[in-house]
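Heads up, the thing below is written out as structure tokens.
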Amino acid sequence: MRIVFAAAEVAPYAKVGGLADVAGSLPQALAALGHHVSIHLPLHGTIDRERFGIPTDAVVRSVPYGRSHVRVAYPSIVRGGVRVVFVDNGRHIGRATVYGAPDDAKRYALFARAVAEDLAQGGDRPDVIHAHDWHTALLVPMAAGHYRRALGGPATVFTIHNLAYQGQSAVDVVGLVGLPRKHVHPEKHGELNPMARAIASADAVSTVSERYAEEILTPEFGNGLEALLAERRDDLWGIVNGIDVDVFDPFADAHIPVHYSAVDMRGKAQDKAALQKELGLAVSARTPLFGVIGRLVEQKGIDILTPVAPEILRAGGQIAVLGTGEPRYEAMWKELAERHAGSLSLRLGFDAALAQRIYAGSDMFLMPSRFEPCGLGQLISFRYGTVPVVRAVGGLADTVRDADADARQGTGFSFREYAAEPLGDAVRRAIRAYRDGARWSALRTRVMGLDHSWAASARRYVEMYEAARDSARAA
Ligand code: GLC
């Protein structure tokens, strides 16, 4: 099949969150199965053209935008068997930040149209167009609507990585890219909501775990789109994310000081000592070290973790935090780090290399999310023999089995109710297991043996593409 991806962020070129990891690695897994795969992403200002060998000469096209046209260039490279097309229009699309500009809705609408134009003018006739999250959502109604003939009637697939961000705006972005305004659902909010438009018009809709696919049908997790999603239930798929097992590999990772594997874990102990030193924590082999990597926002459970952190330290633990987030949480954690120097370290920012050293050097990984479409931190932790402590929600519920509830097959520690008390209890249970040497090493070996590579999930995507093609043909 000829499969075209479009996403706002793609690792390793531009990464804000897990979307980039998926958009970077799933296309390669599909290419490895023998499909022709390409991906379009914006040429963000932060992308290092030289490092990635992005050519300066490229096809330039004129893209309709509102009542005028804008010129867009499409330099491309090939990596891992996938053609990567950088959509370059400095003023609108390629800015220094991926998200957060007041005109994001407009510039991503333009990006979506620029992708459609590139495919149409280039004479590409993809079998499947696969858009991700609200930023590229309008590509779906375009490919199913006014671009359908020009693109040869492709099937359209839309993947929800996070339903909390839908791209609504007061600006008529749909009109800007030539789409008619229309309500996608009896409740009128759908009209200028890119995510709702994609959910309504895609041949197949998916999300990144089976549990989240069920959760989003309820008001608690549906973010107002639960009724629309329920209408699409027959075409709604839940496919758990994989990770790039070559990037996250304690036996080959260039960012960690000492390599190790399940058969010889001595390197992990050295990595822990090195990490404690690097972060200014007391160097101590027997102190349970908890890693926290991610955005310090409510989604990630930071509000219930904040009161539990002092408890972890009192119980003799250490915590290493890496991430950025809401100013009020950053301030609270700065204060905690000052008060508990030597046992709590805080690095504000994103640093992929340090992240890998934290995955490797920690004993446990904390992820008490309020909601979690899939979550990659727990999967990466498994790979490094680091035991996750998670809330049983979304993809975390699908991938982590509580080791007290299931002694033979447990892979971490989990709790249900979103509150500090049950999180504290899960942490205490994890520390108890950690203090039991034989049990802990069995648990570590077990999680390192789990297979969360893309192989199985990439096959499920192909099944979904085939189903989407059948319904596109029937339409
Ligand atoms: C979003 C979700 C996260 C998921 C990632 C990749 O960041 O919040 O749960 O793992 O997308 O699909």
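The modelled label-to-label distance between Ala353 and Glu463, using points 7 Å beyond Cα along the C-beta direction, is 4.2 nm. Residues Lys106, Lys334, arranged from fewest to most other Cβ atoms within 10 angstrom of their Cβ, appear as Lys334, Lys106. Relative to the longest principal axis of the Cα atoms of the chain, the long axis of helix 18-32 lies at roughly 70 degrees. Phi angles across region 245-253 convert, under the Karplus curve 6.51 cos²θ - 1.76 cosθ + 1.60 with θ = phi - 60°, into 3J(HN,Hα) values of 6, 7, 6, 9, 8, x, 8, 9, 4 Hz, Gly and Pro given as x. Lysine pairs in the chain with Cα distance under 21 Å, only those 8 or more apart or on different chains: how many are there? Lysine pairs satisfying the spacing and distance rule in the chain number 7.
When you filter the GluC sites (Glu not before Pro) in region 109-211 for DSSP loop state and at most 14 other Cβ atoms inside 10 Å of their Cβ, you are left with Glu187. Proximity of backbone amide H atoms, modeled 1.01 Å from N, is registered between Val84 and Ile39, Ile77, Val78, Arg79 at under 5 Å, excluding neighbours fewer than 5 places apart on the same chain.
Between Arg51 and Glu311, the simple spin-label model (points 7 angstrom out along Cα→Cβ) gives 4.0 nm.
Beta-bridge orientation, the chain: approximately 20 percent antiparallel, per DSSP, counting only bridges with both partners inside.
Report the trypsin sites (Lys or Arg not before Pro) located in region 1-86 that are in a DSSP loop and have at most 13 other Cβ atoms inside 10 Å of their Cβ, or state none. Can you show the working numbers first?
Numbers: sites: Arg2, Lys15, Arg49, Arg51, Arg61, Arg67, Arg71, Arg79, Arg83; in loops: Lys15, Arg67.
Loop-located and lightly packed - Arg67.
Summarising the label geometry, the points placed 7 Å from Cα in the beta-carbon direction at Leu450 and Arg149 lie 5.1 nm from one another. Label zone (Arg295, point 7 Å along Cα-to-C-beta; backbone nitrogen cut-off 18 Å) within region 355-382: 367-378.
Place a +1 charge on the Cβ of each Lys and Arg in the chain and a -1 charge on the Cβ of each Asp and Glu, then give the dipole magnitude about the Cα centre in debye, rounded to the nearest 20.
Details: 54 positive and 54 negative charges, 116 e Å.
Dipole magnitude for the chain comes out near 560 debye.
Annotation note: GluC sites (Glu not before Pro) in region 389-475 located in DSSP loop regions with a Cβ neighbour count of at most 15 within 10 Å are Glu417. Reported to the nearest whole Å, the Cα centre-to-centre distance from region 439-475 to region 1-36 is 15. Only one residue of Ala392, Gly424, Pro288 has its Cα farthest out toward the positive end of the dipole of region 266-448, where Lys and Arg carry +1 and Asp and Glu -1 on Cβ, and that residue is Pro288.
As a length-normalised measure over Cα pairs under 8 Å and 6 or more apart, the relative contact order of region 266-448 settles at 21 percent.
I'd like to compare 33-41, 277-285: which one has the highest average count of other Cβ atoms within 10 Å, and what's the full order after that?
Descending mean neighbour count gives 33-41, 277-285.
Contact order normalised by length for the chain, with contacts defined as Cα pairs under 8 Å and 6 or more residues apart; what percent is it? Relative contact order comes out at 13 percent. Taking the Cα centre of region 288-410 as origin and assigning +1 to Lys and Arg Cβ atoms and -1 to Asp and Glu Cβ atoms, the resulting dipole is close to 180 debye. Secondary-structure-derived ellipticity at 222 nm for the chain, considering helices only, amounts to -11000 deg cm²/dmol, per-run term -39500 (n - 2.57) for DSSP H runs with n ≥ 4. Region 412-435 and region 228-287 have Cα centres separated by 20 Å.
Just so you know, all these numbers are worked out from the coordinates, no wet-lab data involved. All figures in this text were calculated on a predicted structure; none of them were measured in a lab. Quick reminder, even Gly has a Cβ in these numbers, built from the backbone with ideal geometry, and neighbours come from all protein chains shown.
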